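The values are calculated or read from the model by the stated rules, or taken from the named source; none is laboratory data. Since this is a predicted model, take the numbers as computed values, not measurements. Heads up, the Cβs are rebuilt from the backbone with ideal geometry, glycines too, and the neighbour counts pull from every protein chain shown.
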Amino acid sequence: MNPSPDAEHWFDQGLNDYDQQQYDLALNCFQQAIKINQQFIPAWIYQGMTLEQMGKFDDAIASYNQAIAINPNITDLWYNKATTLSYLKRYPEALICFDQVLEIDPNHAFCKTARSLTLAILSNPRKLDQPIIETEEREPLTAEAEASIQLQRSRESYTFLSQINEIDEY
């Protein structure tokens, strides 16, 4: 089902607000788009991303879950949910989501990297708060912190490359 023009209008406005880091305004727009068309998956995705930016991670996961219920075969939904769960240190749940991504797209390079980092956190025999990286230029990082940084970089790279692919499709 295609989104109605009104839902698209709200969604487009939400994207503009999101790009301007006006997250309260963006969230309202995505909620309006969803109210008009509850099957509009991009609005659910960006609502989740906006909620993450606002620090409302459990609400973001709920948004991704709503979109997954509509179509469980979209890798971005599972990947976003997995990285959010990882941020919340809910690593076993994150692994389940990363596995879903790889079931849909076995060649998803960013997911493979993020999954490996998550496994490294879970299998590291060190205490998660024990420093593993020390340099004079920065504070010591724990294994968990280093993996979290790598997960965030992976997600940012994935988002950037997805945007490039969207441009190439036009």
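Things worth noting here:
- Single residue of Tyr79, Tyr87, Tyr91, Tyr64 found to be over 17 Å from Tyr18 (Cβ atoms), aromatic (Phe, Trp, Tyr) and touching a Lys or Arg at 6+ places or on another chain (Cβ under 8 Å): Tyr79
- Restricting Gln47, Gln39 to those that are surrounded by 14 or more Cβ atoms within 10 Å (Cβ to Cβ) and either assigned to a loop (DSSP other than H, G, I, E, B) or modelled with pLDDT under 95 (or both) reduces the list to Gln39.
- Within this structure, Pro72 passes the test of being not in a helix (DSSP H, G or I) and not acidic (Asp, Glu).
- Within region 115-129, residues that are over 13 Å from Asp99 (Cα atoms) sit with their Cβ atoms under 9 Å from residues that are at pLDDT 85 or above and loosely packed, with under 14 Cβ neighbours inside 10 Å, at 6+ positions apart or across chains, in these pairs: Ile121/Lys89; Leu122/Pro92; Leu128/Lys89.
- Condition broken by Ala120, with the remaining ones in (1) modelled with pLDDT of 95 or more; (2) part of a helix (DSSP H, G or I) satisfied: (1)
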